[in-house]
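Below you'll find the structure, written out as structure tokens, and then a few comments.
The values are calculated or read from the model by the stated rules, or taken from the named source; none is laboratory data. Computed from a predicted structure; not experimentally measured. FYI the Cβ positions are ideal-geometry reconstructions off the backbone, even for glycines, and counts take in every protein chain you see.
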Amino acid sequence: MTTPQYRTIWISDLHIGSTQCQAEILLDFLKHNDSEKLYLVGDIIDFWALSKKMYWPSSHNTIIQKLLRKARHGTQIIYIPGNHDENLREYDDYVFGDITVKNSDIHITAAGQRLLIVHGDEYDGIARHSRWLSFVGNVGYDWLIEMNRVIRYFRKLLGVQSHFSLATYIKLKVKNLAQFISLYEESIVRSLKSEKLDGVICGHIHHAEIKQIDDFWYINTGDFVENCTAIVEHFDGRLELLQWRVKE
């Protein structure tokens with residue numbers, strides 16, 4: 001194993017097995033970033049998408065192989081299932097190919113902070129109580145991602161910055177969706193603040209963030225379908241949000 005640049009890396013919402021997955025960018029990220037510990041924070045394999053349509057190009061095999069290779073070479077990999085791969089929650093504490101499945105975990109940073117690692121759908125009222133609405137929303141989200149591919153193509157032809165997320169733009173412009181993000185963040189913090197924790201690291205809503213709410217760290221990994229973001233821990237315990245782009 002090469003000398004890692006980071007103590008810990010967190011990535012989530014890769015959606016392998018769906019057309020949303022940004023395989024090229026994800027593989028480039030995995031190639032250039034090493035860590036002692038790697039958390040896969042849910043929605044890694046998209047069983048929802050696979051149940052509708054079998055989509056598994058060779059690049060998705062390469063992602064799995066790359067992760068298994070990292071685990072064999074000494075990276076401690078912990079897989080926290082999300083709502084799109086929730087069937088893996090039945091295998092809490094199982095080890096598959098040197099990758100450990102855990103429904104949640106406590107990570108202690110080099111600075112001594114205790115952080116709960118969960119996917120985050122447990123704190124989403126829609127995901128918990130209106131599962132059918134989650135599926136409807138997922139279909140609409142898939143449509144936005146496909147539209148985004150077309151927009152990016154024409155922006156690139158016109159010489160405009162190629163990265164643009166239609167879904168993110170709409171989420172930030174539509175008042176109700178912006179309010180949902182805020183309520184989601186507050187719900188997690190309110191639920192966990194009484195625990196002996198300094199913060200939480202989650203994914204789920206595809207909106208990366210590092211901030212404090214009432215002296216409690218709320219950290220969201222974002223996603224690897226729209227924004228291609230990750231959270232990293234440096235060896236002094238400092239946390240940083242990365243947004244990854246393949247050099248063109």
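Brief remarks follow.
- Matching residues, segment 9-36, being surrounded by fewer than 17 Cβ atoms within 10 Å (Cβ to Cβ) and in contact with a strand residue (DSSP E or B) (Cβ under 9 Å, 6 or more places away or on another chain): GLU36
- Complete set of residues in segment 1-53 that are over 16 Å from the mean Cα position of the chain (by Cα), polar (S, T, N, Q) and outside any loop (DSSP other than H, G, I, E, B): SER35, SER51
- In segment 224-242, the residue that is surrounded by the fewest Cβ atoms within 10 Å (Cβ to Cβ) out of those that are at pLDDT below 95 and within 19 Å of GLU185 (Cβ to Cβ) is ASN227.
- Residue match in segment 174-197 (condition: out of contact with any Pro (no Cβ under 8 Å at 6 or more places or on another chain), modelled with pLDDT of 95 or more and surrounded by 12 or more Cβ atoms within 10 Å (Cβ to Cβ)): yes
- Set side by side, the residues ASP92, ASP121, ASP85 differ, and just one is acidic (Asp, Glu) and surrounded by fewer than 20 Cβ atoms within 10 Å (Cβ to Cβ), which is ASP92.
- Number of the exception - ILE99 against (1) hydrophobic (A, V, I, L, M, F, W, C); (2) surrounded by 13 or more Cβ atoms within 10 Å (Cβ to Cβ); (3) more than 25 Å from LEU239 (Cα to Cα): (3)
- Among the residues making up segment 45-93, those that are within 21 Å of ARG7 (Cβ to Cβ) and of a type outside the set (Ser, Thr, Tyr) are LYS66, LEU67, ARG69, LYS70, ALA71, ARG72, HIS73, GLY74, GLN76, ILE77, ILE78, ILE80.
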